[in-house]
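Engineer: Dropping the structure in here first, questions after.
The values are calculated or read from the model by the stated rules, or taken from the named source; none is laboratory data. Just so it is clear, the structure is predicted and the values come from calculations on it, not from any experiment. Cβ coordinates were reconstructed from backbone atoms using ideal geometry, including for glycine residues, and neighbour counts include every protein chain displayed.
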Amino acid sequence: MASMRDIKRRTQSIRSTGQITKAMKLVSTVKLQKARGRAEEAKPYFNHLYQTIVTMFDRATPEVRDHYTKPSTDAKKAVIVITSNRGLAGGYNANVVKQVLGSNIAREDALIYAVGRKGRDALRLRGYEIAGDYSETMNNPLYSDASDISADVMEAFENGTVSEIYIAFTVFRNTVSQVPTMLKLLPADIGIDDGTGEPNAAEAMMNFEPDPEEALRMIIPKYVSGEVFGAIMESYASENGARMQAMDNATNNANDMIGKLELAYNRARQSSITQELTEIIAGANALDT
């Protein structure tokens, strides 16, 4: 059995850790309230933007849409990976990395555009090539940051360095539920199922003004920027939700451990008192004899 001094030292250490995790939970709660509001504001635009672009391609002429719907087999694939800069968020970062590792994109064919140091470091250790690092974005996400990221990725797409663009992020459902997701941005998949089991058919050709190629060159970068910004907002809210939940669990575990240690301390103290009483009584009996 551990000594009372060891138990007391251990209790003090766990109590200090519990105070830290409780404070971190409170900080994450405040950040989550703001992040959730921003994510909810961006969600409708984020959800419908992809479907809108797919519909545009579906109704465009083949010569207009081929550039954005037919991938090349020679170039690499760009993957925008959104994680956090800090840990202590449960499996939040690891789950996003698993989405990349479990995809059908071979390591040698992937170019990683990392938004968050945790994902960057994890994938670099596994041999992935880091084409861009935008980790500072997660400190205070702004739309301008998403525009910068999408501009770099679209430049690589236009010059043929990459043939496909994916984004790995975490969808925020609620405080205790965050879903890691990997979404293909380009080339767009035309003929999306409308729920009937059959692809949607174009009802009418779409007119472009002034020119189809010029119009798409203006729209596609905005589409990618919007998707990236929406994913960053979802991930930022998910990060704080995951960290709040992780710190709450850590605080509860600390309280449970403190309770067990206090019980062990009381038992050790009672044992020590009993032993002292036994020694006193034995000494008194020896003097009487």
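Engineer: For residues that are acidic (Asp, Glu) and buried (at least 22 other Cβ atoms within 10 Å of the Cβ), scanning just the stretch 221-266, find the one that is nearest to Tyr50 (Cα to Cα). Outline the logic, then answer.
Structural biologist: Step one: of the stretch 221-266, the residues acidic (Asp, Glu) are 227, 234, 239, 248, 256, 262.
Applying the additional criterion that residues be buried (at least 22 other Cβ atoms within 10 Å of the Cβ) yields 227, 234, 239.
On the way: Glu227: 8, Glu234: 16, Glu239: 24 Å.
Applying the filter and picking the extreme gives Glu227.
Engineer: Taking helices (runs of 4 or more DSSP H) that do not extend beyond the stretch 92-191, which have at least 2 residues that are over 29 Å from Leu32 (Cβ atoms) and in contact (Cβ under 8 Å) with a residue 24 or more places away in the chain? Talk me through it step by step, then tell me what you get.
Structural biologist: On the way: elements: 92-101, 117-125, 143-158.
The helices (runs of 4 or more DSSP H) meeting that bar are 143-158.
Engineer: Counting just the residues of the stretch 88-102 that are modelled with pLDDT of 90 or more and not hydrophobic (A, V, I, L, M, F, W, C), which one comes out nearest to Leu186 (Cα to Cα)?
Structural biologist: Going through the qualifying residues, I end up with Gln99.
Engineer: Which of the residues that make up the stretch 112-130 are small (Gly, Ala, Ser) and surrounded by 19 or more Cβ atoms within 10 Å (Cβ to Cβ)? Break it down into steps so the answer makes sense when it comes.
Structural biologist: First, the residues of the stretch 112-130 that are small (Gly, Ala, Ser): 114, 116, 119, 122, 127.
Matches in the stretch 112-130: Ala114, Gly116, Gly119, Ala122.
Engineer: I'd like to know if the stretch 268-287 contains one or more residues that are touching a strand residue (DSSP E or B) at 6+ places or on another chain (Cβ under 8 Å), part of a helix (DSSP H, G or I) and not polar (S, T, N, Q). Explain how you work it out, then say what you get.
Structural biologist: Applying the first criterion (touching a strand residue (DSSP E or B) at 6+ places or on another chain (Cβ under 8 Å)) to the stretch 268-287 yields none.
Within the stretch 268-287, none of the residues are touching a strand residue (DSSP E or B) at 6+ places or on another chain (Cβ under 8 Å), part of a helix (DSSP H, G or I) and not polar (S, T, N, Q).
Matching residues to (1) under 30 Å from Glu155 (Cα atoms); (2) among the hydroxyl-bearing types (Ser, Thr, Tyr); (3) in contact with a Ser or Thr (Cβ under 6 Å, 6 or more places away or on another chain):
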position	(1), (2), (3)
Ser225	yes, yes, yes
Ala242	no, no, no
Asn255	no, no, no
Glu262	no, no, no
Arg267	no, no, no
Ser272	no, yes, no
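Engineer: Looking only at residues in the stretch 15-36 that are surrounded by fewer than 18 Cβ atoms within 10 Å (Cβ to Cβ), touching a residue at least 60 places away in the same chain (Cβ under 8 Å) and more than 14 Å from Arg243 (Cβ to Cβ), which one is nearest to the chain's Cα centre (by Cα)?
Structural biologist: As a first pass, look at the stretch 15-36 and keep what is surrounded by fewer than 18 Cβ atoms within 10 Å (Cβ to Cβ): 15-17, 19-20, 22-23, 26-27, 29-31, 33-34.
Pick out the ones that are also touching a residue at least 60 places away in the same chain (Cβ under 8 Å) and you get 15, 17, 22, 29, 31.
Within this subset, residues satisfying the condition of being more than 14 Å from Arg243 (Cβ to Cβ) are 15, 17.
Details: Arg15: 29, Thr17: 25 Å.
Of everything passing the filter in the stretch 15-36, Thr17 is nearest to the chain's Cα centre (by Cα).
Engineer: Checking the condition over 27 Å from the mean Cα position of the chain (by Cα) and either at pLDDT 90 or above or not hydrophobic (A, V, I, L, M, F, W, C) (or both), which residue from Glu129, Glu155, Glu213 passes? Outline the logic, then answer.
Structural biologist: Numbers: Glu129 fails: over 27 Å from the mean Cα position of the chain (by Cα); Glu155 fails: over 27 Å from the mean Cα position of the chain (by Cα).
When all the criteria are applied, what remains is Glu213.
Engineer: What number goes with the only condition from (1) touching a helix residue (DSSP H, G or I) at 6+ places or on another chain (Cβ under 7 Å); (2) small (Gly, Ala, Ser); (3) at pLDDT 85 or above that Ala39 does not pass?
Structural biologist: Every condition holds for Ala39 apart from (3).
For every residue, the table says whether it meets (1) modelled with pLDDT of 95 or more; (2) farther than 15 Å from Ile165 by Cα; (3) crowded, with 20+ Cβ neighbours inside 10 Å.
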residue: Asp66; (1), (2), (3): no, yes, no
residue: Thr69; (1), (2), (3): no, no, no
residue: Val81; (1), (2), (3): yes, no, yes
residue: Ala110; (1), (2), (3): no, no, yes
residue: Leu142; (1), (2), (3): no, yes, no
residue: Ala151; (1), (2), (3): no, no, no
